[in-house]
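S.K.: Have a look at this one before I ask anything.
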Amino acid sequence: MKRYLITGASRGIGRAIAEKLAENNVTLFLHGRDVAALRETTNLVEANGAISRQLRADLGDKSSIRALIEQVSGEPLDALINNAGIAVVKPLDKISIEEWERTFAINVTAPFLLSQGLIPAMSQGGSIVNILSIAAKAGFAGWSSYCMSKFALEGFSQAIREELRARKIRVINIYPAATDTDIWNAVEGERPREKMISAGQVASAVAYTLAQPSDVLIENITLGNLSGSL
Ligand SMILES: NC(=O)c1ccc[n+]([C@@H]2O[C@H](COP(=O)([O-])OP(=O)(O)OC[C@H]3O[C@@H](n4cnc5c(N)ncnc54)[C@H](OP(=O)(O)O)[C@@H]3O)[C@@H](O)[C@H]2O)c1
């Protein structure tokens with residue numbers, strides 16, 4: 001029985017990953033906050049034969065993260081998929097300190113705490129999958145707090161990848177370009193959805209990396225629409 005924890009599984013890329021990994025002999029820990037949306041993901045994965053458990057936690061809150069770790073730490077995970085994230089898209093002079101700190105808390109501190117809390121129990125062959133972004137590799141005007149968080153997660157993941165090699169735990173980084181999800185609903189300006197990739201395409205990349213033999217590490221996958229960046 002494989003056991004996977006996916007943060008932000010209530011919608012978007014996280015839900016697509018859950019659907020892709022759902023099959024018999026798989027237990028999915030589906031994290032999110034939106035009860036109704038999580039229930040929908042549960043229905044989708046259970047229709048594919050997976051067992052699922054819902055975990056609700058605000059990843060901006062350290063005590064909620066600790067409670068979440070408690071709930072899954074009975075048996076080791078085969079993969080921790082750090083997917084949940086937020087994007088505050090504003091020019092520099094409009095970003096509040098609260099928005100800056102919340103972006104760091106959800107996009108960086110939460111993956112740090114979850115990794116620190118759950119990796120010790122992981123066995124050889126376990127994986128950490130981080131959903132980064134092309135904004136972990138280049139700056140984009142208006143995206144400074146988001147880029148800051150993804151560059152920070154990039155540094156963290158590169159370092160723990162080296163630390164965990166000796167324990168035969170893989171750290172896999174996925175870098176999607178614009179992907180058609182709700183995250184874009186609050187982003188101003190013209191954002192043509194037909195020039196985005198789908199959440200399912202990101203999920204296929206995640207499933208591909210996890211399906212490799214345990215001694216094969218696909219370190220990085222970058223995905224984008226052939227038409228180029230938005
Ligand atoms: N869409 C893109 O263009 C794109 C491109 C590159 C990378 N990414 C990355 O992919 C990941 C998923 O993004 P998405 O596009 O699927 O976004 P989305 O549709 O907005 O979904 C975000 C997910 O994160 C969860 N989440 C947000 N804030 C949370 C909080 N405080 N506590 C707990 N959960 C929280 C949400 O849960 P609830 O709704 O239940 O609160 C939701 O499940 C993010 O890390 C994002 O940076 C996205």
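Taken together, the values in this text are just the output of simple stated rules run on the coordinates, not laboratory data. Nothing here was measured: the structure is a model prediction, and the numbers come from that model. Because the Cβ atoms are built from the backbone with ideal geometry, glycine has one as well, and the counts that use them run over all protein chains shown.
S.K.: Just checking, which of 226, 230 is surrounded by 16 or more Cβ atoms within 10 Å (Cβ to Cβ), assigned to a loop (DSSP other than H, G, I, E, B) and out of contact with any Cys (no Cβ under 8 Å at 6 or more places or on another chain)?
M.R.: It is 230.
S.K.: For the structure I just gave you, tell me whether residue 74 is touching a residue at least 24 places away in the same chain (Cβ under 8 Å) and not hydrophobic (A, V, I, L, M, F, W, C).
M.R.: no
S.K.: Keeping to region 146-191, report how many residues are away from the ligand (no atom under 16 Å from the Cβ) and among the polar types (S, T, N, Q).
M.R.: Counting residues in region 146-191 that are away from the ligand (no atom under 16 Å from the Cβ) and among the polar types (S, T, N, Q) gives 1.
S.K.: Check residue 102 against each of (1) buried (at least 20 other Cβ atoms within 10 Å of the Cβ); (2) touching a Gly at 6+ places or on another chain (Cβ under 7 Å) and name the one condition it does not meet.
M.R.: Only one criterion in (1) buried (at least 20 other Cβ atoms within 10 Å of the Cβ); (2) touching a Gly at 6+ places or on another chain (Cβ under 7 Å) is unmet by residue 102, namely (1).
S.K.: From the set of residues in region 39-96 that are in a helix (DSSP H, G or I) and more than 16 Å from the ligand (Cβ to nearest atom), which is nearest to residue 145 (Cα to Cα)?
M.R.: 92
S.K.: When residue 100 is evaluated against the numbered criteria (1) out of contact with any Pro (no Cβ under 9 Å at 6 or more places or on another chain); (2) touching a residue at least 12 places away in the same chain (Cβ under 8 Å); (3) not in a helix (DSSP H, G or I), which criterion, by number, is the only one it fails?
M.R.: (3)
S.K.: Looking at the structure I just gave you, is residue 111 outside any loop (DSSP other than H, G, I, E, B) and within 16 Å of the ligand (Cβ to nearest atom)?
M.R.: Yes: the conditions hold for residue 111.
S.K.: I'd like to know if region 126-136 contains one or more residues that are among the hydrophobic types (A, V, I, L, M, F, W, C) and away from the ligand (no atom under 16 Å from the Cβ).
M.R.: No: region 126-136 contains no residue that is among the hydrophobic types (A, V, I, L, M, F, W, C) and away from the ligand (no atom under 16 Å from the Cβ).
S.K.: Moving on. Looking at 183, 160, 218, 172, which is the one that is β-branched (Val, Ile, Thr), within 19 Å of the chain's Cα centre (by Cα) and part of a loop (DSSP other than H, G, I, E, B)?
M.R.: 218 is the lone residue from the list that is β-branched (Val, Ile, Thr), within 19 Å of the chain's Cα centre (by Cα) and part of a loop (DSSP other than H, G, I, E, B).
S.K.: Can you confirm whether residue 69 is touching a Ser or Thr at 6+ places or on another chain (Cβ under 9 Å), in contact (Cβ under 8 Å) with a residue 40 or more places away in the chain and under 21 Å from residue 107 (Cα atoms)?
M.R.: It is false that residue 69 is touching a Ser or Thr at 6+ places or on another chain (Cβ under 9 Å), in contact (Cβ under 8 Å) with a residue 40 or more places away in the chain and under 21 Å from residue 107 (Cα atoms).
S.K.: Shifting gears a bit: Taking interchain pairs and intrachain pairs at least six residues apart, which have beta carbon atoms under 6 angstrom, with the first residue in region 119-144 and touching a residue at least 12 places away in the same chain (Cβ under 8 Å) and closer than 27 Å to residue 214 by Cβ and the second within 16 Å of the ligand (Cβ to nearest atom) and part of a loop (DSSP other than H, G, I, E, B)?
M.R.: Listed pairs, sorted by first residue: 131/83.
S.K.: I'd like the full set of residues that are surrounded by fewer than 17 Cβ atoms within 10 Å (Cβ to Cβ) and within 15 Å of the chain's Cα centre (by Cα), limited to region 27-45.
M.R.: If the condition is that a residue be surrounded by fewer than 17 Cβ atoms within 10 Å (Cβ to Cβ) and within 15 Å of the chain's Cα centre (by Cα), then 33 is the only one that fits.
S.K.: Follow-up. Take region 1-26 and flag every residue that is surrounded by 18 or more Cβ atoms within 10 Å (Cβ to Cβ) and in a strand (DSSP E or B).
M.R.: If the condition is that a residue be surrounded by 18 or more Cβ atoms within 10 Å (Cβ to Cβ) and in a strand (DSSP E or B), then 3, 4, 5, 6, 26 are the ones that fit.
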